[in-house]
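The values are calculated or read from the model by the stated rules, or taken from the named source; none is laboratory data. In this text the structure is predicted, and so the values were computed from the model without any measurement. Here the Cβ positions follow ideal geometry from the backbone for every residue, glycine too, while neighbour counts run over all protein chains shown. What goes into the accessible areas is simple: the full protein's heavy atoms, side chains included, and nothing from ligands, DNA or RNA. Shrake-Rupley method; radii C 1.70, N 1.55, O 1.52, S 1.80 Å.
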Amino acid sequence: MADVVDNEKGSVRAGSSDAASQEVFERPPGLKGLYYHPLTQVNQQQNWTPSNIDTGHHRICSLRWLISVCCLIRDESENSTSYSAMNIHTSAKGFVIAAGAILGICAGLLWTAQGSLMMAYPTEADKGKYIAVFWSIFNLGGVVGASVALGENFHSTIAFLVLTCLGVLIPFFMVDPAKMIRTDGTRVTPVRHPSWKSEFHGLFVALRTDPMIFLLFPMFLASNWFYTWQFNDYNGAIFNIRARALNNVVYWTAQIIGSVAISALLDSKLKRRVRAFLSWGVLFIFVFFVHIWAYFYQKTYTRASVPPDSQRLDIYSDGYTGKIFLYIFCGILDAMWQTTAYWLMGAMSNNPAKLAIFAGFYKSLQSAGAAGMWRADAVKTPYMNIFASTWALLIAGLLFVLPMIHLRVTEHTDGENDTMYAFSNTTRFTWTKRIHSDDDKATQ
């Protein structure tokens, strides 16, 4: 496989001054071309089971911004395994919490690398599609995991472990990112792996040179904040165990629909700024539609009024249909929110090293918010308070991102806007900008 780059024929494309970007390479044909396709490589990293988050897991995950390297360990196993451990060994609480923390560390490695490659490998016209494919495969794992919960038994646990092992092994076959060629023939900017010292410094450099990322922070924080209300305070509070299991299956299925739907808008033929504003409008409508609907359900119950599981809503109970449809729309909103957040980061840069920093910020704030809300739920914060904070933070995230779209999203991420960075042979961090003026080109 190492001969792919050596045998590629390159030509210079006008209008770009960066040596790595101005050459257009011939992609390998046949099966090798399929294997080296960016979409194939990005989706070798995806997971097969859902994320059912606990506080310890997300406190550790919030440290993931420290790391911008690839992880070969999957992180989404706590759902089935934690419940199995607690059912077999009722005193295994410490083990489960420690396992969640270890999974959080692994998740920090995995998601930072995954987010960087997912946003850097596609062309600017295909970023929505790549994000949607990732999100669909990721949530297909949620469908599988929820289905396992419907028929939890020893054989399903074995199948789960087999999928886990496959998830560990598959990334070993990934192509070196330095050899990746996008579908338009341009080379993905190679990443020089930093030291810990330069990585810390890079975080602050990223904030200083591209401060518009600050305006995305509320959106990042909100992106897992709503899970507490959706999973525990709605699905877990008013439905019995059979209904909850079915709800989870349709929730994760709805995520696939939501990501594909918003990606069609994000990759449409409209101008990129128009697409950004339209996606913002879609999210705004969905946030209010879903939460106005949810408010009328939430005001009918409190923690004190929640009945025992045997008396909660079943799939055959009156009123179940409307409530499961609300849960479906919650899943669609979640997928649209996450897909748009990734797309906006991808609109700020095409460089995998810089995108790794952005993905680290995204996942750290996301996990910090989730950890805080799971803790709030654990100390019995009223359902309505959690619901109100969820709705308010989603609105805040949209309001903060609006000026970022206006000021930062352009029709094309060219060298002047895409601040690049590289690492010298020492640990010192250096930044460069690609300049496009004819005068500068003449002097270089």
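Side notes on the structure shown:
- Cross-link table Lys129/Lys269; Lys127/Lys197; Lys299/Lys363; Lys127/Lys179; Lys179/Lys363, entries beyond 23 Å C-alpha to C-alpha: Lys127/Lys197; Lys299/Lys363; Lys179/Lys363
- Extension gain, Val274-Leu402: 0.36 nm per intervening residue step, less the Cα-Cα distance, totals 44.8 nm.
- A 1.4 Å probe run over the range 124-281, with the rest of the protein chains in place, finds 43 Å² accessible per residue.
- For the range 218-269, applying the loop criterion from DSSP together with a ceiling of 14 other beta carbons within 10 Å to the trypsin sites (Lys or Arg not before Pro) yields Lys269.
- Mean-position separation - Cα centroids, the range 379-416 and the range 163-190, in angstrom: 31 Å
- Phi-derived couplings, Karplus 6.51 cos²θ - 1.76 cosθ + 1.60 at θ = phi - 60°, listed residue by residue for the range 369-376: x, 5, 4, x, 6, 5, 5, 4 Hz, with x used for Gly and Pro.
- Dividing the Cα radius of gyration of the range 216-324 by 2.2 N^0.38 Å, with N the residue count, gives 1.29.
- Inter-label distance, Glu411 to Val306: 5.3 nm, where each label sits 7 Å from its Cα along the C-beta direction.
- Taking the range 295-330 and a reference point 7 angstrom along Cα→Cβ of Met384, the backbone N atoms nearer than 20 Å belong to 295-307.
- Pairwise FRET efficiency - Asp318 versus Val168, Cβ, R0 = 51 Å, nearest 0.05: 0.65
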